[in-house]
Amino acid sequence: MTDSSTAFTDVVRSRRSARRFLPDPMSTADIRNVLEDAQTAPSNSNTQPWAVHVVSGAVKDAVSNELLQAYEDERESPDFTADYGEGIYLERSRDHGAVLYEAWGVARSDVEGRREVIRDNLRFYGAPHVAFLFMPALGDGVRTAGDIGMYAQTFLLSLTARGFHGVPQTILGMYADEVRKALGVSNDLKLLFGISFGYADPAAPVNDIRMHRLPLSRSVVIHGRA
Ligand SMILES: Cc1cc2nc3c(=O)[nH]c(=O)nc-3n(C[C@H](O)[C@H](O)[C@H](O)COP(=O)(O)O)c2cc1C
C-alpha cells in the first residue's frame, strides 16, 4: 500500500462515535475545513441535496433546551420512521444498546437511567457543535437520504483525520419540528439526523467502545473470484 492509502485506512478504521465531549469549541477555520471536505461528497446526478445547519454556543444550547422540553412533553415530530422490524436488525440494535448501557452503568430495568441517556443525547453528549442534516422531500426520499449518508460519512472522516470526533444522532430527528422552529428552517426541508462534534473526552470510558462488526462473509458476496 502507498503511504496515502495507509493513512486513509488508518482514518477510516479509527473513526468511531464519541458520546462524551469536552466543552472546548473548535476554531471556525477547523469547522469550515470539515464542511469543505464534506461538500466534496458524491450525490445522485450531483444534486448535492444536503441542507446543513451548524449550531454552536447559545444557539446550540437553546435548541437543546427545546428538544429536552419536547422530550419531557412527549412531543415527537419525526419526519422519518425508525423501524428495525422484528429480525436480525432489531437483534443487532439490542446488542448495540446492551454494550452502550453497560458502559454507562445503566441496567435494563433502570427506567430513569435510560431516560437520562436520552436527555444526554439531546444535550448532544456535551459537544460544542452540532450539524443538523436536512434534505428536500423528493419522491420516496431513499436516494436523497443515501446522498445525505455520503455527506455524513465524509464529514465524520474529515473530523477523524483532523483529530476531532463526532456522533451521528437519529434521535435528534425525532424532534424535527422543534429544530426547524428554533433555526427558522422551512417545513419543505426534512430532518434526517444530526451530528454532534468537537473534541472527544479522552477520560470517558464510553468513548473507548469499539462496536463489533460482522465478518465480510455475512455482508458481501464476491462473484467470479476464488
Ligand atoms: C444515521 C445514524 C444515526 C445514529 N443515531 C445515533 C443516536 O441517535 N445516538 C447515538 O448515541 N448513536 C447514534 N448512532 C451511532 C451508532 O450507534 C454507531 O455508528 C454504531 O453503533 C457503530 O459504532 P461506531 O460509530 O463507533 O463505529 C447513529 C449512527 C448513524 C450512522
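Pick from the range 1-42 the residues that are of a type in the set (Val, Ile, Thr) and more than 16 Å from the ligand (Cβ to nearest atom): which of them is nearest to His212 (Cα to Cα)?
Thr6
Please list, ordered by first then second residue, the pairs with beta carbon atoms under 7 Å, 6 or more apart or interchain, first in the range 147-176 and within 12 Å of the ligand (Cβ to nearest atom), second part of a helix (DSSP H, G or I) and of a type in the set (S, T, N, Q).
Going by the 7 Å Cβ cut-off, the qualifying pairs are Thr160/Ser14; Gln169/Asn121; Ile171/Asn121.
Each row is one residue, and each column tells you yes or no for (1) under 27 Å from Asp147 (Cα atoms); (2) without any contact (Cβ under 8 Å) to a residue 40 or more places away in the chain; (3) not in a loop (DSSP other than H, G, I, E, B).
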| position | (1), (2), (3) |
| --- | --- |
| Ala29 | yes, yes, yes |
| Ala41 | yes, no, no |
| His53 | yes, no, yes |
| Val63 | yes, no, yes |
| Arg115 | no, yes, yes |
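May I ask you to verify whether Ala182 is in a strand (DSSP E or B), more than 10 Å from the ligand (Cβ to nearest atom), surrounded by 19 or more Cβ atoms within 10 Å (Cβ to Cβ) and not charged (D, E, K, R)?
no
Among the residues that make up the range 194-210, is at least one of them within 17 Å of Val54 (Cα to Cα) and surrounded by fewer than 22 Cβ atoms within 10 Å (Cβ to Cβ)?
yes
Tally up the residues in the range 106-146 that are among the β-branched types (Val, Ile, Thr), over 26 Å from Asp37 (Cα atoms) and within 16 Å of the ligand (Cβ to nearest atom), please.
Counting residues in the range 106-146 that are among the β-branched types (Val, Ile, Thr), over 26 Å from Asp37 (Cα atoms) and within 16 Å of the ligand (Cβ to nearest atom) gives 3.
Specify the residue that is nearest to Ile88 (Cα to Cα); the eligible residues are those in the range 193-226 that are in contact with a strand residue (DSSP E or B) (Cβ under 8 Å, 6 or more places away or on another chain) and not in a loop (DSSP other than H, G, I, E, B).
Here the residue is Phe193.
Output the residues belonging to the range 76-93 that are within 18 Å of the chain's Cα centre (by Cα) and either among the aromatic types (Phe, Trp, Tyr) or exposed (fewer than 11 other Cβ atoms within 10 Å of the Cβ) (or both).
Phe80, Thr81, Asp83, Tyr84
Where a number appears in this text, it was derived from the coordinates with a stated rule and is not lab data. This is a predicted model, so every value here is computed, not measured. Here the Cβ is made from the backbone with ideal geometry for all residues, glycine too, and neighbour counts use every protein chain on show.
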